[in-house]
Structure formats: C-alpha cells, structure tokens
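Structure first, commentary second.
The values are calculated or read from the model by the stated rules, or taken from the named source; none is laboratory data. Because the structure is predicted, anything quoted here is derived from the model rather than measured. Note that we place each Cβ from the backbone using ideal geometry, even for glycine, and neighbour counts take in every protein chain shown.
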Amino acid sequence: MAKGAKKSAKPTKPVKTPKKSTPPAGAAAKPAALTGWRQIAAYLGHPSAVVQRWASEGMPVRRQGRFVTTTPEELNAWLGRESGKPVHVATAETDLAAELKRGLSFIRAEKGTKDKKR
C-alpha cells in the first residue's frame with residue numbers, strides 16, 4: 001500500500017426504506033375538507049388574496065386554530081348562491097357529460113320561463 005493511502009472501507013448495505021401504503025383510489029381523489037388558503041385557492045382556481053377577500057365578503061370558511069377550512073360542497077353551494085345559477089367546480093373525477101346535461105336543462109328551463117313572461 002502506498003504511503004498516505006487509506007484503506008477502502010467495507011461496502012455498506014443499502015438502507016431499506018419502508019414502503020408507503022397507497023390509499024384507495026377514491027380516498028385521495030376527493031378531499032373531505034380543504035384546509036388552508038392555498039388548497040381553497042387551488043380548488044377555486046384563483047389567487048389566495050382573492051379567496052381571502054371572498055371569505056371576508058361571506059364565503060363559507062371556518063377557522064380551526066391557525067387554519068381555515070371549508071368543503072367543496074359548501075363552496076359549490078356558495079358559488080351557486082352568489083351567481084344566481086347552479087355552479088359546480090369541475091374536478092378530475094367530474095362526469096362532464098352529466099354536468100353538460102345539467103347545465104343545458106337549466107338553460108332550457110330558464111329560457112322557457114322568459115318566453116312565458118312575454
């Protein structure tokens with residue numbers, strides 16, 4: 001061995017990491033509650049500042065310690081009340097064909113009431 005050369009260390013065994021259990025497909029897809037301004041803003045597709053302003057104007061949120069929480073159902077109902085039309089935020093699991101049918105039936109019913117008023 002050359003002067004100053006170090007002996008090679010024994011090869012170390014790889015460290016085994018525990019496997020993460022995967023939740024059922026439906027469990028992670030639709031959260032029961034949205035916690036924090038970021039999650040709520042991401043769900044609604046608007047910046048956190050806008051969502052915080054809406055909360056001060058009556059959007060349904062609950063303070064739990066230092067967090068705010070709400071549910072997607074509460075937000076959809078609030079959006080429907082605010083706009084005066086039925087609203088549903090589309091997610092990856094949303095049946096778009098069913099939502100299109102629901103929207104068209106609403107428009108047809110609304111159109112029918114306008115024709116009767118004349």
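Being out of contact with any Ser or Thr (no Cβ under 9 Å at 6 or more places or on another chain), surrounded by 11 or more Cβ atoms within 10 Å (Cβ to Cβ) and either at pLDDT 75 or above or part of a helix (DSSP H, G or I) (or both): is that true of LEU104 here? Here the answer is no, as LEU104 does not meet what is asked. Looking only at residues of region 57-90 that are assigned to a helix (DSSP H, G or I) and among the polar types (S, T, N, Q), we find that the one that is modelled with the lowest pLDDT is SER83. Of all residues in region 36-80, those satisfying the criterion of being among the charged types (D, E, K, R) and surrounded by fewer than 11 Cβ atoms within 10 Å (Cβ to Cβ) are GLU57, ARG63, ARG66. Restricted to region 44-56, and to residues that are among the small types (Gly, Ala, Ser) and under 16 Å from the mean Cα position of the chain (by Cα), which residue is modelled with the lowest pLDDT? Ranking the candidates gives GLY45 first. Listed by first and then second residue, the pairs with beta-carbon distance under 9 Å, at least 6 apart or on different chains, first residue in region 21-43 and modelled with pLDDT of 90 or more, second assigned to a helix (DSSP H, G or I) and loosely packed, with under 11 Cβ neighbours inside 10 Å, are TRP37/ALA49; ALA41/ALA49.
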